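Values in this text are rule-based calculations from the coordinates and carry no lab data. Nothing here was measured: the structure is a model prediction, and the numbers come from that model. Cβ placement follows ideal geometry from the backbone for every residue including glycine, while neighbour counts extend to all protein chains displayed.
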Amino acid sequence: MSTFNPYVVTNVQDGFSVQSQGYWQGDLQDDPAGRFQLAAGVVASTETLPMWGGIAVFEKTPPATPDATPMGSIIGRATVSDTLAGFSVFNGVYSAPTTPQSPVPLQSVGGGYNFVRLGTKNRVVVKCASSILALAGSENPKTLGWDATNQQLVAAGAGTFDFTATLIDVNTNGATVVYDSVTGFATWNTVSNVAVILI
């Protein structure tokens with residue numbers, strides 16, 4: 001009787017492996033129910049920057065209309081925990097324009113953008129500070145901080161406000177949005193810190 005000796009499965013260096021997640025800021029992670037929990041919003045008139053994915057947003061009830069066909073909630077950047085409603089995502093945002101100079105889908109005041117609400121148990125990728133990377137290997141924290149100036153996840157107590165979510169994963173080779181306020185262009189930094197949070 002011969003010994004069963006299968007071929008060893010290997011990966012090409014820098015090829016596909018369990019570490020090649022390729023996280024992108026503003027991406028709603030795949031989930032069968034996730035697309036049904038996408039909410040549509042209209043960028044608030046008070047916003048001075050365009051909207052993109054991975055931003056902590058507030059949600060306002062839209063104005064009353066006689067025909068019961070509102071365009072969607074009014075959304076904008078959240079600056080306090082009391083107004084944090086969820087996070088903007090790129091998923092399903094088909095009308096946000098891109099150009100060769102500005103490949104990130106952006107939407108200005110009055111334009112539509114999707115988001116997912118807190119409490120939906122969705123996994124969202126956001127930009128994060130190095131203080132979040134230091135939490136890798138620890139028990140998943142349930143309280144995190146948000147830096148509203150740099151639009152990134154930080155450790156609890158270190159940002160503009162704290163909120164409840166679960167840190168699922170961190171990655172030092174993700175893609176985050178870089179916005180140039182002079183040109184109005186937004187590009188990708190593909191070597192950046194990102195985190196996956198369960199909201």
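Calculated over the stretch 34-198, the projected area of the Cα convex hull averaged across directions stands at 10.0 nm². Annotation: lysines with alpha-carbon distance below 22 angstrom to K60 (same-chain offsets under eight excluded): K121. Its DSSP H runs of at least 4 residues, each contributing -39,500 (n - 2.57), put the calculated 222 nm mean residue ellipticity of the chain at -500 deg cm²/dmol, to the nearest 500.
Length available on full extension from F36 to F185: 0.36 nm per residue minus the Cα-Cα distance, which gives 50.6 nm. When the charge dipole of the chain is built from unit charges on Cβ atoms (+1 for Lys and Arg, -1 for Asp and Glu) and taken about the Cα centre, the candidate among L84, L106, P50 whose Cα reaches farthest toward its positive end is L84.
DSSP assigns beta bridges within the stretch 82-162; of those with both partners inside it, close to 90 percent run antiparallel.
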